[in-house]
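The values are calculated or read from the model by the stated rules, or taken from the named source; none is laboratory data. On a predicted model such as this, the values are computed, not experimentally measured, just so you know. All Cβ positions, even for glycine, are placed from backbone atoms using ideal geometry, and neighbour counts span all protein chains on display.
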Amino acid sequence: MLRALDELAQRIGDAGLPGRRLARATAGARATAWATIVARHGQLPTVAVAGRDLTRPATEPGATPRPALVVRLDATLIEAAQPQGPGRGKLQGWVRFSPVDRLVHQHRRRVAVMQRPGNAGSFTAADHIAVLKAAFAQLPAGWRTDVLVSIDGAGASHEVVDYLTSLNTAPEHGKRGRRVEYSIGWPVDQRTMAGIEQLRERDWGAAVHADGDVDTAAQVADLTGIMRRGPGGDRLASWPTCLRLIARRTPRPVTKPAKLGEDPDWEYGAFVSNTPSGQVQFLDARHRTQAHVEDRMKQFKACGARNLPSIDYGRNSAWLQLAALATSLTAWLRHLALDGDLGKASTKTLRFRILSAPARLVTHARRRILKIPPGWEWSPDLATAWDRRQALHPV
């Protein structure tokens with residue numbers, strides 16, 4: 001295992017991202033898997049926002065709408081079994097590494113993972129851009145033309161926003177351009193609070209839940225006009241002109257007293273987006289689907305990324321890439337061979353019901369036979385998955 005990790009580590013750069021040849025091979029396998037998923041289901045899975053699917057207009061007349069490709073960026077801390085080393089940031093004798101994690105929401109998979117030292121800053125724009133480039137390179141060419149990038153507040157930097165704006169060539173070239181929209185958390189600092197204080201009570205509108213029902217406890221408002229043309233002048237002059245700023249407020253819980261300088265009655269949040277149209281309630285619900293990334297982190301760690309096994313930084317980077325590959329393989333298994341609850345099952349459930357089934361693979365008369373003992377509850381699902389996988393690769 002150590003030799004295998006060493007060989008893989010040689011194909012991973014110092015930045016913790018796969019090298020060109022390894023990334024190209026992975027992208028080719030991903031393009032094939034996505035094409036097979038489309039052939040089986042007719043289209044890639046969609047993301048539900050405010051009770052409806054997030055889709056884009058069809059590229060051809062009479063065709064079905066295309067699902068919007070949602071790419072989310074987040075980071076997590078992973079403990080490594082070493083007393084000291086390049087990870088730094090020790091905690092109780094363990095070193096924490098921080099892999100910046102990128103995934104495509106529809107497939108519960110990782111398209112790019114980058115390992116960083118545990119003391120790396122969460123607002124490091126260079127790391128965000130590096131993993132963004134690696135993620136876009138992993139997307140099949142036909143799906144790079146319409147992408148939504150979602151990041152939490154750590155992505156609210158000039159470098160990240162300017163980079164995503166430069167990728168969005170649709171305003172200049174129309175249908176021939178590439179549409180890259182973003183939804184990024186925004187700090188509620190003194191500048192943002194100055195704009196919120198200028199809002200009238202009737203400027204706030206009720207928010208909506210993930211299922212589309214009205215959320216009477218939360219309210220949203222568009223701050224773009226006030227921040228751009230308010231009494232204080234253009235407070236967003238240094239940011240792209242397409243940037244929109246949207247605020248959200250919820251009643252402050254009684255058990256959570258306000259800190260010095262905070263509003264005693266409301267808790268505020270904000271995010272920015274370059275989506276030119278759409279109600280603020282829908283944009284707010286779309287941004288809050290970023291919370292689903294935490295569930296994807298659990299699936300990632302269930303595939304081996306819960307702990308890093310080595311004292312070597314390169315071996316740990318290789319281990320993370322293997323965990324990301326395992327996450328992709330289990331995602332492809334769900335979409336290509338499973339149905340019903342198993343098609344949406346977690347990695348832990350798949351491991352118990354399918355991957356560790358008491359079955360044997362034997363060869364007889366030049367035929368491969370899957371022998372499943374009678375009484376196994378998920379035997380029909382396992383047999384159906386086997387037949388579908390055999391149909392994809394009969395040789």
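Ala221 falls short on exactly one of the conditions (1) closer than 13 Å to Gly269 by Cβ; (2) surrounded by fewer than 20 Cβ atoms within 10 Å (Cβ to Cβ), and that condition is (2). Remark: pairs (first residue in the range 342-356, within 11 Å of Cys303 (Cβ to Cβ); second residue surrounded by 15 or more Cβ atoms within 10 Å (Cβ to Cβ) and hydroxyl-bearing (Ser, Thr, Tyr); Cβ separation under 7 Å; 6+ apart in sequence or on different chains) = Thr347/Thr330; Leu350/Thr330.
Please tell me if Gln92 is on the phi < 0 side of the Ramachandran plot and modelled with pLDDT under 55.
Working: on the phi < 0 side of the Ramachandran plot: no; modelled with pLDDT under 55: yes.
Against the criterion (on the phi < 0 side of the Ramachandran plot and modelled with pLDDT under 55), Gln92 does not qualify.
Kindly provide the set of residues from the range 14-34 that are under 12 Å from Gln321 (Cα atoms) and of a type outside the set (S, T, N, Q), ordered by number. Quick ask: steps written out before the conclusion?
The first filter runs over the range 14-34 and keeps only residues under 12 Å from Gln321 (Cα atoms), leaving 16-19, 22-23, 26.
Answer for the range 14-34, where residues must be under 12 Å from Gln321 (Cα atoms) and of a type outside the set (S, T, N, Q): Gly16, Leu17, Pro18, Gly19, Leu22, Ala23.
For the range 181-223, which residues satisfy the criterion of being of a type in the set (A, V, I, L, M, F, W, C) and within 25 Å of Tyr163 (Cβ to Cβ)? Lay out the reasoning, then the answer.
To start, the set of residues in the range 181-223 that are of a type in the set (A, V, I, L, M, F, W, C) comprises 184, 186, 188, 193-194, 196, 199, 204, 206-208, 210, 214, 217-218, 220-221, 223.
Within the range 181-223, Ile184, Trp186, Val188, Leu223 meet the criteria.
Inspect all residues belonging to the range 276-291 and state whether any of them is closer than 30 Å to Arg334 by Cβ and free of Cβ contacts under 8 Å to residues at least 60 places away in the same chain. Talk me through it step by step, then tell me what you get.
To start, the set of residues in the range 276-291 that are closer than 30 Å to Arg334 by Cβ comprises 282-291.
So of that shortlist, the ones also free of Cβ contacts under 8 Å to residues at least 60 places away in the same chain come out as 291.
Taking every residue of the range 276-291 in turn, at least one turns out to be closer than 30 Å to Arg334 by Cβ and free of Cβ contacts under 8 Å to residues at least 60 places away in the same chain.
Taking Leu245, is it within 21 Å of Ala154 (Cβ to Cβ), without any contact (Cβ under 8 Å) to a residue 24 or more places away in the chain and surrounded by 14 or more Cβ atoms within 10 Å (Cβ to Cβ)? No, not satisfied.
With the structure loaded, tell me whether Trp386 is on the phi < 0 side of the Ramachandran plot and at pLDDT below 90 or whether it fails that test.
So Trp386 passes the test.
Put simply, of Arg334, Arg351, Arg388 the only residue that is under 27 Å from the mean Cα position of the chain (by Cα) and either under 16 Å from Ala39 (Cβ atoms) or crowded, with 16+ Cβ neighbours inside 10 Å (or both) is Arg334.
Can you spot a residue in the range 355-372 that is closer than 30 Å to Ala112 by Cβ and of a type outside the set (Val, Ile, Thr)? Yes, the conditions are met somewhere in the range 355-372. When Val71 is tested against (1) outside any loop (DSSP other than H, G, I, E, B); (2) in contact with a Lys or Arg (Cβ under 8 Å, 6 or more places away or on another chain); (3) modelled with pLDDT under 70, just one condition goes unmet, and that condition is (3).
Quick check on my filter: what residues within the range 357-385 are under 31 Å from the mean Cα position of the chain (by Cα) and of a type in the set (A, V, I, L, M, F, W, C)? Steps first, answer last, please.
Just the residues of the range 357-385 that are under 31 Å from the mean Cα position of the chain (by Cα), to begin with: 357, 378, 381-382, 384-385.
Ala357, Trp378, Leu382, Ala385, listed by residue number.
Residues Arg52, Arg56, Arg30, Arg24: which one is of a type in the set (Lys, Arg) and at pLDDT below 85? Even if it seems obvious, please write down each step before you answer.
Numbers: Arg52 fails: at pLDDT below 85; Arg30 fails: at pLDDT below 85; Arg24 fails: at pLDDT below 85.
Criteria check complete, one pass: Arg56.
Is there a residue in the range 323-338 that is outside any helix (DSSP H, G or I) and at pLDDT 90 or above? There is at least one residue in the range 323-338 that is outside any helix (DSSP H, G or I) and at pLDDT 90 or above. Scanning the range 1-57 for residues that are buried (at least 17 other Cβ atoms within 10 Å of the Cβ) and more than 18 Å from Val113 (Cα to Cα) gives Ala33, Trp34, Ile37, Leu44, Pro45, Thr46, Val47, Val49, Ala50, Leu54.
Please work out which residue is nearest to Asp162 (Cα to Cα), limiting yourself to the range 240-280 and to residues that are hydroxyl-bearing (Ser, Thr, Tyr) and in contact with a helix residue (DSSP H, G or I) (Cβ under 7 Å, 6 or more places away or on another chain). Outline the logic, then answer.
To start, the set of residues in the range 240-280 that are hydroxyl-bearing (Ser, Thr, Tyr) comprises 241, 250, 255, 268, 273, 275, 277.
Next, from what is left, pick out any that are in contact with a helix residue (DSSP H, G or I) (Cβ under 7 Å, 6 or more places away or on another chain): 268, 273, 275.
On the way: Tyr268: 25, Ser273: 12, Thr275: 15 Å.
Only one residue fits best here, namely Ser273.
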